[in-house]
Amino acid sequence: MARRTSDRERGFALSRVIAIVNDKGGVGKTSIAANLGGQFAGAGYRTLLVDLNRQANLADDLGYRGTDIDDEGAGLLGSVISGTPLRPAEDVRPQLDVVCGGARLEDLTPIMVSRLQHHGREAFRVLGDVLAPVAADYEVVFVDCPPESTILTDLALASARWVLMPTKSDLGGLLGMTLVAERFTLAREINSRLGLLGVVLFATGTRARAVQGEALAAIDEAFGGSSPRFETTIRHAERTAQDARRLGKLAHELEVEAAAQPAWWEELRSGSRTRRVSATAASVAGDYRALGIEVLTALQAAEDAEKSEKGRRPRAGARRKARA
Ligand SMILES: Nc1ncnc2c1ncn2[C@@H]1O[C@H](COP(=O)(O)OP(=O)(O)OP(=O)(O)O)[C@@H](O)[C@H]1O
Ligand SMILES: [Mg+2]
């Protein structure tokens, strides 16, 4: 009975955990994690980002690489080894905390291999176990998953309530997505609540409608015929992407910076040679805002449907009270 109660609490604490997954590299997982995290936090939602990547690009996108908070994944590794709750670094932005990834996560794979040998696939639940006690403090948690790393992504799939899957419309992105579809089905054996929140097309030209059509048909096929997908696509904007990683700023922060910089002819006249921020940041920020709204709407719709199925379900505010 005690086990059932604690499973229910765990499920509730993890009910807003969204794993951002695609086995293919470079399809926008980290950019979407960082920018959605920033959008939600900016809108006043207590938000947590968990970085499961050894290369930890989230540290670049949010500008904390090499700072005091950057433990290179040591905290996450230690929590998984000892089974103690994660301890996020606080206030990377107002309302936005982060569990850092990094080189120390190298050691996680052999540890998990050994545990899998002893305990089978149930061992993947450990991330949820160490995340649940802190997840209750947040209104939304995004887990940024690595490419081509079965074990780390399986950890995320075993603890998350939702999968958000970015893809490019090329063959590589679609293939990565098909692999996720297979692992998604396996993960549901130990995490029956796991659901696909939606697929989002990333860095796809807005005019490539025919290609997008093919990509969306492949998504349907991979997830058995009826996959939810977001209307919003994140436009291709290389200069904004470079500005973001160079400056450690999110698209909406670059938008503010671009608006504040002097007109190019004034800079030319004054002889200033500072590198300008691309004005496209405003459009990219708009894409992330639209995606954020869609994600929130999808979450709320799913939760309302679940509530009406099961009767009563506490709201986000009640989550924080219950924890206090
Ligand atoms: N809107 C955009 N248009 C074009 N390129 C972008 C855009 N946003 C980000 N990028 C760039 O695309 C590359 C891949 O993005 P990102 O790192 O978010 O993908 P990922 O799926 O997390 O990759 P990995 O699997 O290697 O972790 C990065 O170099 C990033 O700077
Ligand atoms: Mg990444």
Length gained, ASP68-ASP137, 0.36 nm per residue minus C-alpha separation, equals 22.6 nm
Spelling out what I want: for every residue of the range 290-295, take phi, set θ = phi - 60°, compute 6.51 cos²θ - 1.76 cosθ + 1.60 (Karplus), and round to whole Hz; glycine and proline get x. 4, 5, x, 5, 5, 4
Fully extended, how many nm does the chain gain between GLU231 and GLU9 (0.36 nm per residue separation, minus their Cα-Cα distance)? 76.6 nm
Applying the Karplus parametrisation 6.51 cos²θ - 1.76 cosθ + 1.60 with θ = phi - 60° to the phi angles of the range 147-159, what ³J(HN,Hα) value in whole Hz is obtained for each residue in order, glycine and proline being reported as x? x, 6, 10, 3, 5, 5, 5, 4, 4, 5, 5, 7, 10
Sequence-distant residues sharing a close amide H with VAL143 (under 5 Å, placed H): ILE18, ALA19, ILE20, VAL50
Built amide H within the under 5 Å cut-off of THR204, gap 5+: ILE234, HIS236
Taking 0.36 nm per residue of separation between LYS307 and GLN55 and subtracting their Cα-Cα distance, the length gained on full extension comes to 86.8 nm
For the range 13-19, take each phi angle, set θ = phi - 60°, evaluate the Karplus expression 6.51 cos²θ - 1.76 cosθ + 1.60, and give the result in whole Hz per residue in order, putting x for glycine and proline. 4, 8, 6, 10, 8, 10, 8
Quote the relative contact order of the range 1-122 in percent (integer), defining contacts as alpha-carbon pairs under 8 Å separated by 6+ residues. 25 percent
Modelled label-to-label distance, VAL113 and ASP220, 7 Å Cα→beta-carbon offset: nm? 4.2 nm
Estimated FRET transfer efficiency (GLN300, GLN261; beta-carbon r; R0 30 Å; 0.05): 0.20
Measure off 7 Å from each Cα along the Cα-to-Cβ vector at SER192 and GLU238, then give the distance between these two points in nanometres to one decimal. 4.9 nm
Quick check for me: using +1 on Lys/Arg Cβ and -1 on Asp/Glu Cβ, what's the dipole size of the range 80-206 about its Cα centre, in debye to the nearest 20? 280 debye
Share of accessible surface on carbon and sulfur in the range 35-163, whole %, 1.4 Å probe and ligands ignored, is 48 percent
Around GLY25, which amide H atoms from residues at least 5 apart in sequence, or from another chain, sit under 5 Å from its own amide H, with H modelled in the peptide plane? none
Hey, which lysines would be in cross-link range of LYS249, C-alpha to C-alpha under 28 Å, not counting anything within fewer than 8 residues on its own chain? LYS24, LYS29, LYS168
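The values are calculated or read from the model by the stated rules, or taken from the named source; none is laboratory data. Small disclaimer: the values here were computed from a predicted structure and weren't measured. Heads up, the Cβs are rebuilt from the backbone with ideal geometry, glycines too, and the neighbour counts pull from every protein chain shown. Heads up: the accessible areas ignore ligands, DNA and RNA and are worked out on the full protein's heavy atoms, side chains in. Shrake-Rupley method; radii C 1.70, N 1.55, O 1.52, S 1.80 Å.
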